[in-house]
Amino acid sequence: FALLLGDVDHFKQINDAHGHVTGDEVLRRVAQTLEANAPDAENTFRYGGEEFALILPDSSPEAAQQTAERLRRAIGELSPSDAALPDVTMSFGLAFCDAPLDPDALVRAADAALYEAKAQGRNRVVMSGA
């Protein structure tokens with residue numbers, strides 16, 4: 001299976017510029033969009049702050065990458081159709097579970113990939129080890 005970590009890009013600036021009510025609405029809409037566009041995800045949950053995590057069971061690297069890209073595009077489409085929301089993008093880090101399962105290593109790998117996505121300019125998907 002795969003672990004996908006996503007982080008709303010520049011969320012602090014969204015809160016600072018538009019207020020916490022708008023920030024909360026962004027998080028609600030992001031969560032709805034993730035769930036609606038990742039039917040193959042076993043679990044979708046808020047991981048902390050503006051971070052979300054999805055578990056993609058029985059997913060090949062190619063399928064997981066396609067899911068992550070679909071989610072990234074869907075999040076980017078939130079803003080133009082809703083004038084009440086500021087522009088929203090997300091960065092994603094993707095990691096795969098190697099047997100035997102080491103949950104800490106899996107989270108570290110996905111987090112490192114997410115960090116790399118942000119370092120590369122945000123609004124992108126980076127696969128661990130790629």
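The values are calculated or read from the model by the stated rules, or taken from the named source; none is laboratory data. No experiment lies behind these values; they were computed from the predicted model shown. All Cβ positions, glycine included, derive from the backbone under ideal geometry; neighbour counts span all protein chains shown.
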Within the stretch 51-60, is there a residue that is over 19 Å from LEU106 (Cα atoms) and at pLDDT 90 or above? no
Any chance the stretch 31-47 includes a residue that's crowded, with 20+ Cβ neighbours inside 10 Å, aliphatic (A, V, I, L, M) and in a helix (DSSP H, G or I)? yes
Yes/no for GLU50 being loosely packed, with under 14 Cβ neighbours inside 10 Å, under 17 Å from the mean Cα position of the chain (by Cα) and of a type in the set (Asp, Glu): no
Identify all residues within the stretch 108-130 that are in a loop (DSSP other than H, G, I, E, B) and either at positive phi or in contact with a Lys or Arg (Cβ under 6 Å, 6 or more places away or on another chain) (or both); write none if there are none. GLY121, ARG122, ASN123, GLY129
Picked from the stretch 73-88 (must be outside any loop (DSSP other than H, G, I, E, B) and of a type outside the set (Lys, Arg)), the residue modelled with the lowest pLDDT is GLY76
Given (1) more than 19 Å from ASN15 (Cα to Cα); (2) among the small types (Gly, Ala, Ser); (3) at pLDDT 95 or above, number of the condition SER91 does not satisfy: (1)
Give the residues of the stretch 32-50 that are modelled with pLDDT under 90, closer than 18 Å to VAL125 by Cα and among the acidic types (Asp, Glu), sorted by residue number. ASP40
Per the filter on the stretch 1-12, residues loosely packed, with under 15 Cβ neighbours inside 10 Å and either in contact (Cβ under 8 Å) with a residue 60 or more places away in the chain or farther than 28 Å from ALA41 by Cβ (or both) are PHE1
Which listed residue is touching a Phe, Trp or Tyr at 6+ places or on another chain (Cβ under 6 Å) and more than 18 Å from SER128 (Cα to Cα), from ARG73, ARG46: ARG46
Filter the stretch 51-63 for residues that are closer than 18 Å to ALA112 by Cβ and outside any strand (DSSP E or B) and give the result. PRO61
